[in-house]
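Visitor: Sharing a structure, written as structure tokens. Questions coming.
The values are calculated or read from the model by the stated rules, or taken from the named source; none is laboratory data. From a predicted model like this one, the values you see are computed outputs, not experimental measurements. Cβ placement follows ideal geometry from the backbone for every residue including glycine, while neighbour counts extend to all protein chains displayed.
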Amino acid sequence: MALPDSWTNKPSAIKDYLEAIRQAEPPDRFSIKFLDNLGFKSTNDRKFIAVLKSLGFLDADGKPTPRYFEYLDLSQSEAVLAEAIREAFGDLFAINKDAQKLEADQVKNKLKTLYAGAKKTSVIGYIANTFAALVACADFEAADAKGKPGTKKKDADEGAKDKKKAPPEQRQPIGDRLTVDGLQYHINIVLPESRDQAVYDAIFKSLRDHLG
């Protein structure tokens, strides 16, 4: 089941947790002591460590994963979080691809069906609120764009290819001497003065016979 078992009963603190993580040096192991050092000393704060594991930010031993380090890059942290949410709540997104747009109560109702009695209603409420708080810190549009890098560059490259494939610009003929298809010859004939029409008929007949 692509649904988390973790949750926090302090969803309003999620934004602060994430901000503190981005500002701090990554630990060798994300422990309760490390969380205390970040300024979160309540026992309720500790539940967020399990949430980070559900999101794939930490492994089972609490060691930061590659996703954790990707999240530290402020230029993509919100997109990385969105990808993590989609993965952790995969079953929810399977029934609603825009689950991030649902209200907390709507998420709770969907999760009741998905958990099918495996969790108490109160716990499902905490999970729904945790989901909503995480979504508020994520950027799903950026996550979609992150999966399609180089679009503008690709369009530019295709445009360049089209220009290469385009036929060369044809030159216009210079005067009457040259065309694109080849050479044209022009013959000027000076007809003799004659009152005898037969002379002209003979000349034009000869032209037709020899020049086509």
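Visitor: Can you tell me how many residues within segment 53-68 are among the polar types (S, T, N, Q) and without any contact (Cβ under 8 Å) to a residue 24 or more places away in the chain? Give the derivation first.
Guide: As a first pass, look at segment 53-68 and keep what is among the polar types (S, T, N, Q): 54, 65.
Filter once more, so that each one left must be without any contact (Cβ under 8 Å) to a residue 24 or more places away in the chain: 65.
Counting residues in segment 53-68 that are among the polar types (S, T, N, Q) and without any contact (Cβ under 8 Å) to a residue 24 or more places away in the chain gives 1.
Visitor: Given the options Asp105, Asp98, name the one that is modelled with pLDDT under 95, within 22 Å of Asn129 (Cβ to Cβ) and either surrounded by fewer than 19 Cβ atoms within 10 Å (Cβ to Cβ) or not charged (D, E, K, R) (or both).
Guide: Of Asp105, Asp98, the one residue that is modelled with pLDDT under 95, within 22 Å of Asn129 (Cβ to Cβ) and either surrounded by fewer than 19 Cβ atoms within 10 Å (Cβ to Cβ) or not charged (D, E, K, R) (or both) is Asp105.
Visitor: Right, something else. For segment 158-174, state whether one or more residues are outside any helix (DSSP H, G or I), modelled with pLDDT under 95 and surrounded by 11 or more Cβ atoms within 10 Å (Cβ to Cβ).
Guide: Looking through segment 158-174, at least one residue is outside any helix (DSSP H, G or I), modelled with pLDDT under 95 and surrounded by 11 or more Cβ atoms within 10 Å (Cβ to Cβ).
Visitor: Quick one: in segment 84-95, which of the residues that are of a type in the set (D, E, K, R) and surrounded by fewer than 18 Cβ atoms within 10 Å (Cβ to Cβ) is nearest to Asp139 (Cα to Cα)?
Guide: Checking each candidate, the answer is Glu87.
Visitor: I need a count of the residues in segment 63-72 that are surrounded by fewer than 18 Cβ atoms within 10 Å (Cβ to Cβ) and either under 13 Å from Ala20 (Cα atoms) or touching a Ser or Thr at 6+ places or on another chain (Cβ under 9 Å) (or both).
Guide: Counting residues in segment 63-72 that are surrounded by fewer than 18 Cβ atoms within 10 Å (Cβ to Cβ) and either under 13 Å from Ala20 (Cα atoms) or touching a Ser or Thr at 6+ places or on another chain (Cβ under 9 Å) (or both) gives 2.
Visitor: Given (1) part of a helix (DSSP H, G or I); (2) under 31 Å from the mean Cα position of the chain (by Cα), identify the lone condition not met by Phe34.
Guide: Exception for Phe34: condition (2).
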